1. Using θ = phi - 60° and the Karplus form 6.51 cos²θ - 1.76 cosθ + 1.60, what ³J(HN,Hα) does each residue of segment 79-93 get, whole Hz, x for Gly and Pro?
2. Name the long-range amide H neighbours of residue 67: under 5 Å, sequence gap of 5 or more, or other chain; modelled H, no Pro or chain starts.
3. Just want to confirm a number: the relative contact order over the chain, from Cα pairs under 8 angstrom separated by 6+ residues, in percent.
4. Whole number in Å², please: accessible area per residue of segment 17-104, 1.4 Å probe, ligands, DNA and RNA not counted.
5. If one takes the longest principal axis of the Cα atoms in the chain, at what angle in degrees, from 0 to 90 and to the nearest 10, does the Cα axis of helix 122-132 lie?
6. Report, in whole Å, the centroid distance computed from the Cα atoms of segment 104-140 and segment 51-95.
7. Kirkwood hydrodynamic radius (Cα pairs, Å) of segment 14-73?
8. Once you put a point 7 Å from the Cα of residue 58 and another 7 Å from the Cα of residue 109, both along the Cβ direction, what distance in nm separates them?
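The values are calculated or read from the model by the stated rules, or taken from the named source; none is laboratory data. This is a predicted model, so every value here is computed, not measured. Please note: Cβ atoms are built from the backbone with ideal geometry, for glycine as well, and neighbour counts cover all protein chains shown. Heavy atoms of the whole protein, side chains included, go into the accessibility calculation; ligands, DNA and RNA do not. Shrake-Rupley method; radii C 1.70, N 1.55, O 1.52, S 1.80 Å.
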Amino acid sequence: MRIFRWVLVLLGCSIICVASSWIFTAVQLNIARAKGVYSTPEEGMIARAEQYYRADRQVKILHAGTNSFDGTKPHVWYVIAEIHASARADGSALGHNGCDAPGSFFLQTKQGWVYVPEGAFPGFIGFWMEVFGWAGEGQSTPSTNWAPNQPARFCQS
């Protein structure tokens, strides 16, 4: 009887964990979709630059590929850009050399790529997207590979 109770408790905890993960993932993906669905992660990064930087901006995508080193989770990507502009959209100054080097997570859903902030735990969401069958096909090789001649520090030019 004691083992049966432990099995029920374990089963109950498992059901709560999966249900909570389903809700969290669904809510975060709906929030992300409402902010924009893109055909590529690079397109998403450029759209974010248009939103947060002045019109004279110059965007250079430095890297766009899976967040993992081995290409697993091909639907969870991290994109790094170098953005030169006179100022951010709110008028604040950019970093070194009038440049920022933001990095952003993009997840591929069945509808396209969406931006997910780091604080929303994109790796966690990506795992559950795969479990629930919500992940897009993805791509394990980078579309913009890190250039071998790219300086180790951003915004040097």
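1. Coupling constants for segment 79-93: 10, 10, 10, 10, 10, 9, 7, 6, 5, 6, 4, 7, x, 6, 6 Hz.
2. 76, 77, 78
3. So the answer I get is 26 percent.
4. On the way: 4470 Å² over 88 residues.
The answer is 51 Å² per residue.
5. On a 0 to 90 degree scale, this one is about 50.
6. Between the Cα centres of segment 104-140 and segment 51-95 lies a distance of 18 Å.
7. On the way: mean 1/r = 0.0695 Å⁻¹.
The answer is 14.4 Å.
8. So the two model labels end up 3.6 nm from each other.
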